[in-house]
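Down below is the structure, laid out as structure tokens.
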Amino acid sequence: VQKFLKGEQKVLLLLGPAGNGKSFFSQVLAESLWQQYQPGTGVIPLYISLPTVKNPSQELLSETFKRMGLSEEEIVNLKSREVVFILDGYDELPHYTQLFKQNAFHDFKGKIIVTCRTEALPSSDLFVPIVNGKPKKSLLKEIHLAPFSSSQMDHFIQKCIDLGNTEW
């Protein structure tokens, strides 16, 4: 993911089976990017749980910014900054759509990370960035997350316990 954030590609599609940790990973990534944030120069991560947005096909950004309490001036300022939109749960939307064009993501600098269950993905073409009115597949990166083995799961749970991350 760090390689993607520093590279030329604009959209990262994180795919994996249900229960594979895509949402958890996305939340941890957003938190980690906030911890690395440097005021005025750093990447701004915006985690958005797609199923919580009423009209994601048309009003994903406006609804999110309203929920965050951002003023028009703050939104204009955000457009000039490096933003990483972390869009979690695409597969949980009632209708699959090309979110980027309808929501004017092209008005923002930065990157987009989308999570989706592999088995629910109709086509990765829905995530291809549009540049000058044309799809540009070279700007899309796909990563397929492999499920944890039993020993990896045990190690992960122990690490959570050791770190005090036991809200469950």
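Each residue in segment 25-47 was checked for being open to solvent by 20 Å² or more (accessible area, probe 1.4 Å) and in contact (Cβ under 8 Å) with a residue 60 or more places away in the chain, and 3 of them qualify. The numbered conditions (1) open to solvent by 70 Å² or more (accessible area, probe 1.4 Å); (2) in contact (Cβ under 8 Å) with a residue 24 or more places away in the chain; (3) of a type outside the set (D, E, K, R); (4) at positive phi are all true for residue 21 except (1).
Looking for something of a type in the set (D, E, K, R), closer than 24 Å to residue 6 by Cα and open to solvent by 40 Å² or more (accessible area, probe 1.4 Å) - is there at least one such residue anywhere in segment 54-67? Don't jump to the end; show me each part of the working.
Filtering segment 54-67 down to residues of a type in the set (D, E, K, R) leaves 54, 59, 63, 66-67.
Subsequent filtering for residues that are closer than 24 Å to residue 6 by Cα retains none.
There is no residue in segment 54-67 that is of a type in the set (D, E, K, R), closer than 24 Å to residue 6 by Cα and open to solvent by 40 Å² or more (accessible area, probe 1.4 Å).
Just to confirm my filter: which helices (runs of 4 or more DSSP H) fall fully inside segment 29-121 and include at least 2 residues that are closer than 21 Å to residue 9 by Cα and out of contact with any Ser or Thr (no Cβ under 9 Å at 6 or more places or on another chain)? If you could, list the steps in order and put the result at the bottom.
Working: elements: 56-68, 72-79, 99-102.
Once the helices (runs of 4 or more DSSP H) in segment 29-121 are filtered for at least 2 residues that are closer than 21 Å to residue 9 by Cα and out of contact with any Ser or Thr (no Cβ under 9 Å at 6 or more places or on another chain), what remains is 72-79, 99-102.
Look at residue 74 and say whether it is closer than 30 Å to residue 149 by Cβ, of a type outside the set (S, T, N, Q) and open to solvent by 40 Å² or more (accessible area, probe 1.4 Å). No, not satisfied.
So, of the residues in segment 154-168 that are open to solvent by 100 Å² or more (accessible area, probe 1.4 Å) and farther than 18 Å from residue 20 by Cα, which turns out to be modelled with the lowest pLDDT? For segment 154-168, the residue satisfying everything is 167. Cβ separations smaller than 6 Å between residues 6+ apart or across chains give the following pairs from segment 85-107 residues that are in contact (Cβ under 8 Å) with a residue 12 or more places away in the chain to residues that are open to solvent by 70 Å² or more (accessible area, probe 1.4 Å) and of a type outside the set (S, T, N, Q): 86/47; 91/117; 96/122; 107/79.
Cβ separations smaller than 9 Å between residues 6+ apart or across chains give the following pairs from segment 123-145 residues that are without any contact (Cβ under 8 Å) to a residue 40 or more places away in the chain to residues that are open to solvent by 60 Å² or more (accessible area, probe 1.4 Å) and assigned to a loop (DSSP other than H, G, I, E, B): 123/96; 126/96; 130/136; 131/10; 136/10.
With respect to residue 91, determine if the residue is more than 15 Å from residue 47 (Cβ to Cβ), open to solvent by 70 Å² or more (accessible area, probe 1.4 Å) and among the charged types (D, E, K, R). Considered against the rule, which asks whether it is more than 15 Å from residue 47 (Cβ to Cβ), open to solvent by 70 Å² or more (accessible area, probe 1.4 Å) and among the charged types (D, E, K, R), residue 91 comes out as no.
The values are calculated or read from the model by the stated rules, or taken from the named source; none is laboratory data. This structure is a prediction, so every number in the text was calculated from the model and none was measured. Reconstructed Cβ throughout: ideal geometry from the backbone, glycine too, with neighbour counts over all protein chains shown. Only protein heavy atoms, including side chains, enter the accessible area calculation; ligands, DNA and RNA are left aside. Shrake-Rupley method; radii C 1.70, N 1.55, O 1.52, S 1.80 Å.
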